[in-house]
Amino acid sequence: MLSLVEDPVTKESPSAASAPVRFGEYELHPSSLELRKSGRRIKLEPQPGRVLLLLVQRAGELVTREEIRREVWGDGVFVDYSKSLNFCLSAIRGVLNDDPRSPRYIETLPKRGYRFIGHRTLPASPKASLAVLPFENLNGDPREEFIAGGMADILIAELGKAPALRVISRQSSQQFKDKRIGIPAIGRQLGVDTFVEGSVLRVDERIRVTVQLIHAKPERHLWADTYECAADQLFAEQPRVARAIATAILAKLAPDSVRGGEAPTVNPLAQVAYLRGRYHMSLMSPRALEDALACFRDALRADPAFGPAHAAVANTYNLLGFWGSLPERDAYRQAKEAALRALAIDDSLGTAHRALGWAHWVYDWDIEQSDAEIRRTVQLCPSDESTYVLRSLMLAIVRRRAEPAIEDARLALDIDPLSPRTNANLAWVALHVGRYELAVRQAARTLKMFPNSLQALYVLGQSALADGRPAEAANFFERALAISRDPITIGYLGHAQALAGARSEALAWLDQLVAQSRDNYVIPRSMLWILIGLRDNDRAFATLESEYQKRSSFLWWLRSVPLFHPISADPRYHDLVGRMGFPEA
């Protein structure tokens, strides 16, 4: 049975995934499977080495014998698999001097599998790391708060293009706004060693931007400068000032990443509207996204050739479609159109490539083109956490590649460690690849950090469904309903209640959603979940077929979410999965 427990294992930086894994006196090299003790090589055959690597990579988790067979031996049939695995574990325990009766490294869970319980020492990230803290609005006028916020936002985007630098996202850096906490303490929370602090001050008719670069431990100043411009030229000058600051910082931290060229000039009215839209978008609620979309449209009315605003429109439509705030086919079509307009203006806009990658997946069902756009985004914006969120979901849901998917989810979390979205995303990815213990631990951690995280409650509920506990799942979904009475939450709750035997409650929710859909858009899958829970398979498959004809995006989830488990034995399910055309891993 899965339970709510804190994760005892320190999170690994995926940027170090190919580096040696260290535990105790030992060091295991993932690529060569070479094992060393205190620097001296120890003989370990490849097959036991692969088993050890799998257990160490999933330190603290139960790894079942079936999972080991699938990951190490593949999906072929091996009549002597049990004997082979026992040999591998014996060899591993021999070289580690590990007693199975009192283990230090490999714990046996009878009839279930094995768990690595040793303490891992994580290698340092090869990249320099940096966080841009919220710029201070020294004038104190709340109406000008977005000016200081916009300056930091543009600077993060500029610095995030450097491949040799790991730049913390705005969402996580923003957590320290107005907090009186020392630089070393912030460094520990964000996992970075350098910081940018800045302020914006209006003096008469001029704007002064002051910036300094600080090393966290030991705390020392590395660089500082001041930039001034006329107040009425601020928004036209912002990109140029951000480029100058980024160039000076990169010269100190990553000289090979310094780029030449002038920043593009922008229409001041478009820039103001764009920055206001970015502020609303950062709030990540359906209403805030609608406000953001209005601001981005204002920016494009002021300057129809403003590429970043087109890219922002594309990403906003993608989110509104995904969350069910708009009919998804219409939302994704407009997202694709906006992304293509942005790239026609400037092909180097990484956020536009990311939006197009998402649209190619969920709108065009073109996995290869989606992969290509995501690769391009990683090249252009290696510190864009949203790209790693997207790629982690594709790897988990479409290609079913567990380890790379989890690595990408953790990389997004490295860049954005204090965001509810990236924390919940790791839980979702673990759920999609069937790592339910990791999903529960990460969702519990997310809920501890963000008590109103719907996504964490969703993962906990679905993990309980996967473990055959629908009544417990319903409890999680009821907690979610107290936060948001939206159709998706209602669909999850009705599904769990139906499976738990509360059919009348589930039917009441279904009737409510059907009535609501007569006057307003209701995302169809919310009603589908309840039909599946009620075991009304004929209506469920009729809905699924209708959604297949519409090319609805959620059908990519057929193989990866527990909500589909009740119909997974039906031949119509396997026919639908086959028609989806899932690519090979």
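Regarding the stretch 280-287, can at least one residue be identified that is among the basic types (Lys, Arg), out of contact with any Cys (no Cβ under 9 Å at 6 or more places or on another chain) and free of Cβ contacts under 8 Å to residues at least 24 places away in the same chain?
Let us first name the residues in the stretch 280-287 that are among the basic types (Lys, Arg), namely 287.
This time we only want the ones that are out of contact with any Cys (no Cβ under 9 Å at 6 or more places or on another chain), so: 287.
Add one more test, that the residue is free of Cβ contacts under 8 Å to residues at least 24 places away in the same chain, and what stays is 287.
Yes, there is a match, as at least one residue in the stretch 280-287 is among the basic types (Lys, Arg), out of contact with any Cys (no Cβ under 9 Å at 6 or more places or on another chain) and free of Cβ contacts under 8 Å to residues at least 24 places away in the same chain.
Name every residue in the stretch 412-454 that is assigned to a helix (DSSP H, G or I), open to solvent by 30 Å² or more (accessible area, probe 1.4 Å), of a type in the set (A, V, I, L, M, F, W, C) and more than 26 Å from Leu558 (Cα to Cα), in order of residue number.
Met449
Does Ala242 meet the test of being under 29 Å from Val192 (Cβ atoms), open to solvent by 50 Å² or more (accessible area, probe 1.4 Å), modelled with pLDDT of 80 or more and part of a helix (DSSP H, G or I)? Give the steps one after another, and end with the answer.
Values: under 29 Å from Val192 (Cβ atoms): yes; open to solvent by 50 Å² or more (accessible area, probe 1.4 Å): no; modelled with pLDDT of 80 or more: yes; part of a helix (DSSP H, G or I): yes.
Judged against the criteria, Ala242 is not a match.
(1) among the basic types (Lys, Arg); (2) at pLDDT below 95; (3) open to solvent by 60 Å² or more (accessible area, probe 1.4 Å): which one isn't true of Arg525, the others all being true?
(3)
Check Ala540, Ala515 and return the single one that is under 14 Å from Pro566 (Cα atoms) and either free of Cβ contacts under 8 Å to residues at least 12 places away in the same chain or part of a helix (DSSP H, G or I) (or both).
Numbers: Ala515 fails: under 14 Å from Pro566 (Cα atoms).
Answer to the selection: Ala540.
When the residues of the stretch 473-501 are narrowed to those that are part of a helix (DSSP H, G or I) and among the polar types (S, T, N, Q), which ends up surrounded by the most Cβ atoms within 10 Å (Cβ to Cβ)?
We begin by selecting, within the stretch 473-501, every residue part of a helix (DSSP H, G or I); these are 473-483, 487-499.
Next cut, among the polar types (S, T, N, Q) only: 475, 489, 497.
Numbers: Asn475: 18, Thr489: 23, Gln497: 26.
In this case the residue turns out to be Gln497.
Taking the conditions exactly as written (closer than 18 Å to Tyr332 by Cβ and not β-branched (Val, Ile, Thr)), does Glu403 satisfy them or not?
no
Please list, ordered by residue number, the helices (runs of 4 or more DSSP H) wholly in the stretch 96-202 having 2 or more residues that are under 26 Å from the mean Cα position of the chain (by Cα), at pLDDT below 90 and among the hydrophobic types (A, V, I, L, M, F, W, C). Please lay out each step first, then the result.
Numbers: elements: 145-159, 170-173, 183-190.
The qualifying helices (runs of 4 or more DSSP H) are 145-159, 183-190.
Can you find even one residue in the stretch 381-392 that is among the basic types (Lys, Arg) and part of a loop (DSSP other than H, G, I, E, B)?
Looking only at the stretch 381-392, we keep the residues that are among the basic types (Lys, Arg), and these are 391.
Adding the requirement that they be part of a loop (DSSP other than H, G, I, E, B) leaves none.
Within the stretch 381-392 (the criterion being among the basic types (Lys, Arg) and part of a loop (DSSP other than H, G, I, E, B)), the answer is no, since none of the residues qualifies.
Which numbered condition trips up Ser504, out of (1) surrounded by 16 or more Cβ atoms within 10 Å (Cβ to Cβ); (2) modelled with pLDDT of 95 or more?
(1)
Considering only residues that are among the aromatic types (Phe, Trp, Tyr) and open to solvent by less than 40 Å² (accessible area, probe 1.4 Å), which ones fall in the stretch 314-363? Even if it seems obvious, please write down each step before you answer.
Filtering the stretch 314-363 down to residues among the aromatic types (Phe, Trp, Tyr) leaves 317, 322-323, 332, 358, 361, 363.
Scanning the stretch 314-363 gives Tyr317, Tyr332, Trp358, Trp361.
Between a residue in the stretch 314-336 that is outside any helix (DSSP H, G or I) and any residue that is open to solvent by 20 Å² or more (accessible area, probe 1.4 Å) and among the β-branched types (Val, Ile, Thr), which pairs come within a Cβ distance under 9 Å, given they are 6 or more apart or on different chains?
If the second residue must be open to solvent by 20 Å² or more (accessible area, probe 1.4 Å) and among the β-branched types (Val, Ile, Thr), the pairs left are Trp323/Ile488; Gly324/Ile488.
When the stretch 208-236 is examined, which residues are found to be in contact (Cβ under 8 Å) with a residue 24 or more places away in the chain and either open to solvent by less than 70 Å² (accessible area, probe 1.4 Å) or within 14 Å of Val132 (Cα to Cα) (or both)? Even if it seems obvious, please write down each step before you answer.
Going residue by residue through the stretch 208-236, those that are in contact (Cβ under 8 Å) with a residue 24 or more places away in the chain are 209, 211, 213-214, 216-217, 219, 222-223, 230-236.
Within the stretch 208-236, Val209, Val211, Leu213, Ile214, Ala216, Leu222, Trp223, Ala230, Ala231, Leu234, Phe235, Ala236 qualify.
I'd like the full set of residues that are assigned to a helix (DSSP H, G or I) and open to solvent by 10 Å² or more (accessible area, probe 1.4 Å), limited to the stretch 276-287. Talk me through it step by step, then tell me what you get.
Going through the stretch 276-287, the residues assigned to a helix (DSSP H, G or I) turn out to be 276-282, 286-287.
Scanning the stretch 276-287 gives Arg276, Arg278, Tyr279, His280, Met281, Ser282, Pro286, Arg287.
The values are calculated or read from the model by the stated rules, or taken from the named source; none is laboratory data. Only a predicted model underlies this, so the values are computations on that prediction, with no experimental measurement involved. Cβ coordinates were reconstructed from backbone atoms using ideal geometry, including for glycine residues, and neighbour counts include every protein chain displayed. Each accessible area value is taken on the protein alone, full model and side chains, heavy atoms only, with ligands, DNA and RNA left out. Shrake-Rupley method; radii C 1.70, N 1.55, O 1.52, S 1.80 Å.
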